[in-house]
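The values are calculated or read from the model by the stated rules, or taken from the named source; none is laboratory data. Remember, it's a predicted structure, so these values are computed and weren't measured experimentally. No Cβ is skipped: glycine too gets one built from the backbone with ideal geometry, and neighbour counts run over all protein chains shown. Each accessible area value is taken on the protein alone, full model and side chains, heavy atoms only, with ligands, DNA and RNA left out. Shrake-Rupley method; radii C 1.70, N 1.55, O 1.52, S 1.80 Å.
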Amino acid sequence: MPARPVPTVPDRPLEGRVALVTGGARGLGAAYVRALHAAGAAVVVADVLHDEGAALAADLGDRARSVRLDVTDEAGWAAAVEATVEAFGGLDVLVNNAGIANSAPIEHYSTAKWDAVIAVNLTGTFLGCRTVVPVMRAAGGGSIVNVSSVEGLRGGERLHGYVASKFGVRGLTKSLAVELGRDGVRVNSVHPGLVRTEMTTRIDTDAVPIPIGRAAVPDDVAGAVVFLASDASAYLTGTELVVDGGLTAGV
């Protein structure tokens, strides 16, 4: 029997695709934007930090645009998707990355703290998925990548709203994967561990027992997002891709 050819991954696996990344102006989001763009996609940077998003898009050139987007705003979502389709003719990939965190002991964890983090992290992800699905369905498919966290797999002291929101993103991902598979729309979640960004500057990363020996940098996670956006993951939906250097391996 002749040997089967070894499948190859193209250098630009997202050539001709269009991606929208929320919270894309800096940190992990900016790393996702750059990685998707390098993989061949046209990319829309969606963020409340519009000046920073516009600067990133300008740096990338013709295959990049920016839109101001508050992910808790339904009308804003409709406008962002419409602008994406108008600029590039479609929308193949959504990366729901925008997120915030806050903390307090439970007896001091206010309703305002809870509402704020749930609104951005969970409701914002829900609104994004709901808005893009008709476009992806009409095109015959697409990929939604929802950014959860290792805190969507385990508890975290004082992080009550954040943990609840990230578990919610994980659950929403699975329900959408079940519902949308027949439409060719894949929905997966990424679960980063400790990543060196502006959100983690107060954490002593050297004190965290990570088996691989260091905290991640944004580019460590970006490859996972490109993988889930591309046809290399064509048979994956409802999957949790953990990118944590082994942090949760012993849990």
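When only residues in the range 188-209 that are in a loop (DSSP other than H, G, I, E, B) and surrounded by 10 or more Cβ atoms within 10 Å (Cβ to Cβ) count, which is farthest from the chain's Cα centre (by Cα)?
Filtering the range 188-209 for residues in a loop (DSSP other than H, G, I, E, B) gives 193-194, 196-197, 201-204, 208-209.
Within this subset, residues satisfying the condition of being surrounded by 10 or more Cβ atoms within 10 Å (Cβ to Cβ) are 193-194, 196-197, 203, 208.
Values: 193: 14, 194: 15, 196: 16, 197: 15, 203: 22, 208: 24 Å.
Only one residue fits best here, namely 208.
Check the range 231-243 and report whether any residue there is touching a Phe, Trp or Tyr at 6+ places or on another chain (Cβ under 7 Å) and either more than 27 Å from residue 104 (Cβ to Cβ) or open to solvent by 60 Å² or more (accessible area, probe 1.4 Å) (or both).
Yes, some residue in the range 231-243 is touching a Phe, Trp or Tyr at 6+ places or on another chain (Cβ under 7 Å) and either more than 27 Å from residue 104 (Cβ to Cβ) or open to solvent by 60 Å² or more (accessible area, probe 1.4 Å) (or both).
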Report task. Only residues in the range 60-71 that are on the phi < 0 side of the Ramachandran plot and basic (Lys, Arg) count as the first member; pair them with residues that are open to solvent by 30 Å² or more (accessible area, probe 1.4 Å) and modelled with pLDDT of 95 or more, Cβ under 6 angstrom, at least 6 apart or cross-chain, and list the lot. Result -> 65/87; 68/50
Report task. May I ask you to verify whether residue 236 is aliphatic (A, V, I, L, M) and either touching a His at 6+ places or on another chain (Cβ under 9 Å) or not in a loop (DSSP other than H, G, I, E, B) (or both)? Result -> no
Query raised in the report: Could you give every pair whose Cβ atoms fall below 6 Å, whose first residue belongs to the range 222-243 and is within 13 Å of residue 13 (Cβ to Cβ), and whose second residue is of a type in the set (Phe, Trp, Tyr), counting only separations of at least 6 or pairs across chains?
Result: 225/32; 233/227
Query raised in the report: Would you call residue 215 out of contact with any His (no Cβ under 7 Å at 6 or more places or on another chain) and open to solvent by less than 80 Å² (accessible area, probe 1.4 Å)?
Result: yes
Report summary line: Across the range 105-128, the tally of residues that are under 25 Å from residue 146 (Cα atoms) and among the aromatic types (Phe, Trp, Tyr) stands at 2
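Listed here are the residues, each with its yes/no results for (1) over 19 Å from residue 197 (Cα atoms); (2) open to solvent by 50 Å² or more (accessible area, probe 1.4 Å).
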| site | (1), (2) |
| --- | --- |
| 37 | yes, no |
| 56 | no, no |
| 62 | yes, yes |
| 65 | yes, yes |
| 71 | yes, no |
| 82 | yes, yes |
| 94 | yes, no |
| 98 | no, no |
Report summary line: All conditions in (1) under 17 Å from residue 129 (Cα atoms); (2) touching a Gly at 6+ places or on another chain (Cβ under 7 Å); (3) in contact (Cβ under 8 Å) with a residue 40 or more places away in the chain are true of residue 102 except (1)
